[in-house]
Structure formats: C-alpha cells, structure tokens
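Structure, as structure tokens:
The values are calculated or read from the model by the stated rules, or taken from the named source; none is laboratory data. Just so you know, these numbers come straight off a predicted model, no measurement behind them. Here the Cβ positions follow ideal geometry from the backbone for every residue, glycine too, while neighbour counts run over all protein chains shown. For the accessible areas, the whole protein counts, side chains as well, though only heavy atoms, and no ligand, DNA or RNA atoms are used. Shrake-Rupley method; radii C 1.70, N 1.55, O 1.52, S 1.80 Å.
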Amino acid sequence: MTSGTRPRRRRLEPAERRAEILAAARHLFGAGSYASVSTSDIAEAAGVARPLINHYFGGKRELYLEVVRQLMIVPAPVTEALPDTTMEERLTIGVERWIDVVDRNRDAWLTVIGPESAGRDPEIERIMLEADEIAADRVLEAALMTDVTDGREELRAMIRSFGGMLRAASREWLIRGTLDRAALRTFLTDSILNLLKLTYPAVLAERPGSAVRTPPASSRSSA
C-alpha cells in the first residue's frame with residue numbers, strides 16, 4: 001500500500017458494521033461532545049461512507065441516542081450466569097462487573113451523564129427512565145428477590161434512587177479521584193446490601209398490616 005492510500009473497507013455483516021459505527025461514535029462522543037462531533041467524523045473513524053450512518057441509525061441524533069442507551073442501560077451480562085450462592089456474593093460480583101463496563105467506556109460514560117445530556121431532553125430522559133427500570137430488574141435478579149410482591153413498588157423506587165447515587169459515586173471515582181476503584185466497589189456493594197436487607201424491611205415495618213419480608217435463607221449473611 002502506497003503512502004496516503006486509504007485502507008480498503010472490510011466486508012462485514014450488517015450487525016458487525018453497525019457495531020463498528022457505534023464503537024466509533026462512542027469513542028468520539030467520549031473524547032468531545034455531541035456538538036463537536038459530526039457524522040463525517042464518525043464515518044471516517046468507522047471507515048464507512050457517511051450515508052451508511054443514516055442507513056443504520058437515521059442520523060447523528062439517533063446514533064447519539066443509541067450510544068446513550070447502550071451506555072446507560074445495565075447490560076445483561078452484569079447479572080447473567082451469577083453463581084448459585086449468597087446475595088452478598090452475587091451482588092459483589094454484579095457490582096464489580098458493572099464497574100468494569102464503566103471503566104472500559106469511561107470517557108463516553110461521563111459524556112452521556114454530563115451536563116449536556118442532563119438537560120431537559122425528553123428522549124434522553126426516557127432512556128434514563130428505561131435504564132433505571134432495567135437496573136432495578138437486574139438488582140432484584142442478582143439479589144434473588146424477583147418474587148417480591150409486598151412493597152414491590154417502594155423497593156423498586158429505592159433501587160432506582162440508588163442508581164442516582166451510583167452515578168454520583170462513580171463520578172467521584174472517575175473525575176475527582178476521591179474514591180479509588182476498591183473503595184467504590186465496597187461503597188456500592190454495602191449500600192445496596194443495606195438497602196435490601198435493612199432499609200427495605202424497615203420501610204415495610206412502618207406500613208400497618210404489612211408483613212416484613214426477610215431475605216431468603218440462602219442469601220443471609222453468615223457473619
């Protein structure tokens with residue numbers, strides 16, 4: 001290949017090509033901002049013709065929203081194939097996996113939770129609400145509490161609120177450096193365990209006529 005010759009584009013399946021465009025967009029939005037990145041920039045970084053971005057995503061905004069969705073929604077692998085063990089161990093593993101996801105995508109993740117994305121954008125707010133609901137599902141799955149019925153809405157509300165704290169704590173790690181990774185893991189794991197094992201039963205106990213549900217025997221601390 002002579003100097004200045006552009007590399008030949010590889011033939012990829014549509015799903016692979018789409019993933020490459022998403023990866024390029026995630027990197028560029030993380031390095032800059034929505035306003036500073038153009039579809040031409042993304043096309044060049046992904047090694048595709050610009051019309052392919054419209055073909056797969058509809059345009060720059062739709063692509064950006066997909067990047068936000070991809071980064072904000074807790075991926076299924078975070079809680080998939082967890083060992084059949086205690087609540088504590090399962091949640092510790094889930095938190096560690098989630099931190100891995102953020103660490104691999106730290107620049108893009110910080111961009112999509114930053115001030116530009118935090119504005120009153122109804123589509124981004126909808127994605128955030130969807131992400132909070134899926135996160136609640138993932139936490140209940142990891143904690144072996146998917147069958148909870150008594151106080152379920154209050155429990156899900158508390159888990160969604162924990163999500164806001166999780167994002168703030170992660171910014172302390174990534175931006176301020178006031179928490180290192182180990183401290184973040186301990187803080188998040190202990191916080192969600194206390195919420196599920198202490199705060200949730202206490203909330204139920206304050207409701208007249210409500211039976212307090214204790215965690216399953218298999219998930220109780222051995223301490």
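The table below lists the values:
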{"read-out": "Selected from 162, 194, 15, residue furthest toward positive end of dipole (the chain; charges at beta carbon)", "value": "15"}
{"read-out": "From the coordinates shown, P(r) over Cα pairs in 10 Å bins from 0, in percent corresponds to which of (1) 7, 23, 24, 19, 13, 8, 5, 2, 0, 0; (2) 7, 28, 29, 20, 11, 4, 1, 0; (3) 8, 33, 35, 17, 6, 0", "value": "(2)"}
{"read-out": "Table column - 3J(HN,Hα) (Hz), the range 72-79, Karplus curve with 6.51, -1.76, 1.60, x for Gly and Pro", "value": "8, 7, 4, x, 3, x, 4, 10"}
{"read-out": "Farthest positive-ward along the chain dipole, Cα basis, beta-carbon charges - from 74, 128, 35", "value": "35"}
{"read-out": "Accessible area of the range 30-73 divided out per residue, in Å², using a probe of 1.4 angstrom", "value": "45 Å²"}
{"read-out": "Extension gain (nm, one decimal) between residue 130 and residue 181, 0.36 nm per residue minus Cα-Cα", "value": "15.7 nm"}
{"read-out": "Cβ-derived FRET efficiency at R0 41 Å, residue 49 paired with residue 157, nearest 0.05", "value": "0.30"}
{"read-out": "Size of electric dipole in the chain: Cβ of Lys, Arg +1 and of Asp, Glu -1, about Cα centre, debye, nearest 20", "value": "760 debye"}
{"read-out": "Accessible-area ranking of 88, 153, largest first, probe 1.4 Å", "value": "153, 88"}
{"read-out": "Portion, in percent, of the accessible area of the chain that falls on carbon or sulfur, probe 1.4 Å", "value": "53 percent"}
{"read-out": "Heavy-atom accessible area order for 198, 63, largest first, 1.4 Å probe", "value": "198, 63"}
{"read-out": "The range 99-109 - phi-based ³J(HN,Hα) in whole Hz, Karplus 6.51/-1.76/1.60, Gly and Pro as x", "value": "4, 4, 4, 5, 4, 5, 10, 4, 5, 5, 4"}
{"read-out": "Which of 161, 38 is most accessible, then next, and so on - probe 1.4 Å", "value": "161, 38"}
